[in-house]
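Colleague: Sharing a structure, written as structure tokens. Questions coming.
The values are calculated or read from the model by the stated rules, or taken from the named source; none is laboratory data. Bear in mind the structure is a predicted one, so any value in this text is a computation, not a measurement. A quick note on method: Cβ atoms are made from the backbone with ideal geometry, for glycine too, and the neighbour counts reach across all protein chains shown.
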Amino acid sequence: MPPEAGPPLRISLGVSGSSHAHPFHLRLDRSLGVPLEFPAGWALIEHPREGAILFDCGYGAAARTAMQRGARRIYRHAIGACCAPRSDPSQLLAARGLQSTDIRHVVLSHFHPDHVGGLREFPQARCVAHADAWRQVRSGGRFNHMHAQVWRELLPEDLEQRLDLLHAAAARPLDGDLAMFGPGWDLFGDGSVFALELPGHAVGQVGLALRLDGRRVLLVADAFWRREQIDDARMPRWWVRVLAMKDRHAYQRVLRMLRRFRDDNPDAWIIPAHCAATLADWRRQYPDAVLEARG
């Protein structure tokens, strides 16, 4: 494995839609407010050689259409999901001067609709996902897909031809501050972006580890939803575990690992996809590195 340094990167956080939930469901302090908003977050990574890379893509036009009918409509009402056209990832990227065809890679943390809803907007991108996550997409029946929150209609018809899979056999031990995460994948072979396994919430969930101006950044998708959960050992309510957690023991193990990582690396950014407070901190420190619809 090349030394863990890599070329300098630019990172921006994007928000394409949101959902809402009562803090009671996650065993959070009820004084936080009702309801809590959970942004559908993603990230733009600008690599000097690989160009524009996305980590997830939030909701998008395809998800908005899907949520108008059937069981998808129930999903929309149950979690208060919304995604205005002006917040579609392609629209936000255009405001940055990037066209959909400029996106070279999309790394998919997992296949839930708030992470792949905008995927059809990037028809030329190579996509990256864990092999186990893709196996579930391919082999699961209608009921299993519903329980696993896999919406096949959000996925491009040619996705399999554009998909690079992360196989466990190809993972290699990570060094330094990432060693605690076990084996991972050096995505571009230059030590700049590592994929990490973060099981628990979904089959084959992955996160990314990279650096911004020498500071470690972990993009952890749905390893947890609010940063308070890192220090709160209580699990979400049973119905949340049934609907939004594949493996509670893996979820708890990953949460303990992230807590240890934070304690060992207090200057690091640990960025879950849906934490409004973390997004607000990032916005204050990097006001020009947030892609969101204002007003």
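Colleague: Which residues, counting only those in region 1-45, are at pLDDT 90 or above and on the phi > 0 side of the Ramachandran plot?
Modeller: Residue satisfying the conditions is G17 alone.
Colleague: So G184 fits all but one of (1) surrounded by fewer than 22 Cβ atoms within 10 Å (Cβ to Cβ); (2) among the small types (G, A, S); (3) in a strand (DSSP E or B); what number is the exception?
Modeller: Just one mismatch for G184, condition (1).
Colleague: Sticking with this one: Can you name the helices (runs of 4 or more DSSP H) wholly within region 52-99 that have at least 2 residues being charged (D, E, K, R) and farther than 22 Å from L208 by Cα?
Modeller: On the way: elements: 61-66, 70-79, 89-95.
Because the criterion is at least 2 residues that are charged (D, E, K, R) and farther than 22 Å from L208 by Cα, the helices (runs of 4 or more DSSP H) in region 52-99 that meet it are 70-79.
Colleague: Restricting region 76-98 to residues that are modelled with pLDDT under 90, out of contact with any strand residue (DSSP E or B) (no Cβ under 7 Å at 6 or more places or on another chain) and not basic (K, R), which is surrounded by the most Cβ atoms within 10 Å (Cβ to Cβ)?
Modeller: Among them, the one singled out is A78.
Colleague: Can you give me the number of residues within region 118-158 that are at pLDDT 90 or above and crowded, with 18+ Cβ neighbours inside 10 Å?
Modeller: 19
Colleague: Let me ask another. On the given criteria, is R227 surrounded by 16 or more Cβ atoms within 10 Å (Cβ to Cβ), basic (K, R), at pLDDT 95 or above and closer than 18 Å to A43 by Cβ? Break it down into steps so the answer makes sense when it comes.
Modeller: Working: surrounded by 16 or more Cβ atoms within 10 Å (Cβ to Cβ): yes; basic (K, R): yes; at pLDDT 95 or above: no; closer than 18 Å to A43 by Cβ: yes.
No: the conditions fail for R227.
Colleague: Let me ask another. Find the residue count for region 101-115, including only residues that are surrounded by 18 or more Cβ atoms within 10 Å (Cβ to Cβ) and closer than 13 Å to L44 by Cα. Walk me through how you get there before you give the answer.
Modeller: Within region 101-115, the subset surrounded by 18 or more Cβ atoms within 10 Å (Cβ to Cβ) is 103, 105-115.
Add one more test, that the residue is closer than 13 Å to L44 by Cα, and what stays is 103, 105-108.
Count: 5.
Colleague: Pairs under 8 Å by beta carbon, first residue more than 17 Å from L93 (Cα to Cα) and modelled with pLDDT of 95 or more in region 268-295, partner polar (S, T, N, Q) and crowded, with 21+ Cβ neighbours inside 10 Å, six or more apart or different chains?
Modeller: From residues that are more than 17 Å from L93 (Cα to Cα) and modelled with pLDDT of 95 or more, the pairs are A273/S109; H274/S19.
Colleague: Separate question: Do any residues in region 45-72 that are acidic (D, E) have Cβ atoms under 6 Å from those of residues that are modelled with pLDDT of 95 or more and part of a strand (DSSP E or B), where the two are at least six apart or on different chains, and which pairs are they?
Modeller: As it stands, the answer is E46/R10; E46/A52; E50/R104; D56/W42, since those pairs meet every condition given.
Colleague: In addition: Report yes if some residue within region 132-144 is more than 30 Å from T65 (Cβ to Cβ) and among the hydrophobic types (A, V, I, L, M, F, W, C); otherwise report no.
Modeller: No, that holds for no residue.
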